[in-house]
Amino acid sequence: MHQTLKKGGKAFLQMQSPYCGQLHAFLPEYEIRKASGLKWPGEINESSLYAAPEIRHMMADFNHVLEAGIVAEVFRSAGFSIEYADYYTRPGLPDVCRVDGHENLGVVAIRI
């Protein structure tokens with residue numbers, strides 16, 4: 001993205017956070033991985049092991065959930081400033097995917 005954007009150009013990202021309801025069972029594992037210092041604690045190779053039963057059949061095998069701090073640091077180290085990095089919930093999100101409003105993550109990064 002840094003090579004693609006001109007100075008001052010913005011990257012807009014939205015992603016799933018580790019606090020999403022459909023993968024809520026993964027959160028304890030995520031916290032263990034994060035505490036151990038794993039660079040990418042949110043990589044899930046077998047999502048169905050953690051997925052809510054009613055939507056397990058719709059889940060991809062691989063998921064990568066991310067936190068605001070991790071994403072912001074990656075972009076800062078790549079030559080961006082962070083305009084926005086915060087959690088949100090989407091209107092119309094099924095109840096099984098909801099937890100507390102931190103289900104998704106949005107980031108706006110500016111090339112410096």
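The values are calculated or read from the model by the stated rules, or taken from the named source; none is laboratory data. Note that the structure is predicted; figures quoted are calculated from it, not measured. Positions of Cβ are backbone-derived with ideal geometry, glycine not excepted, and every protein chain shown enters the neighbour counts.
Quick one: in region 83-92, which of the residues that are within 18 Å of the chain's Cα centre (by Cα) and free of Cβ contacts under 8 Å to residues at least 60 places away in the same chain is surrounded by the fewest Cβ atoms within 10 Å (Cβ to Cβ)?
Checked region 83-92; the qualifying residue surrounded by the fewest Cβ atoms within 10 Å (Cβ to Cβ) is P91.
Checking Y19 against (1) touching a His at 6+ places or on another chain (Cβ under 6 Å); (2) within 24 Å of M1 (Cβ to Cβ), only one condition comes out false. Which one?
Looking at each condition in turn, Y19 falls short on (2).
So which residues in region 74-100 are closer than 24 Å to L5 by Cβ and either assigned to a strand (DSSP E or B) or modelled with pLDDT under 95 (or both), if there are any at all?
Hits for region 74-100 are F80, S81, I82, E83, Y84, A85, D86, Y88.
Residues E46, E103: which one is without any contact (Cβ under 8 Å) to a residue 24 or more places away in the chain and either under 30 Å from L5 (Cβ atoms) or exposed (fewer than 14 other Cβ atoms within 10 Å of the Cβ) (or both)?
Matching residue, one of E46, E103: E46.
What is the residue count in region 42-82 for residues that are of a type outside the set (V, I, T) and more than 17 Å from the chain's Cα centre (by Cα)?
Count: 13.
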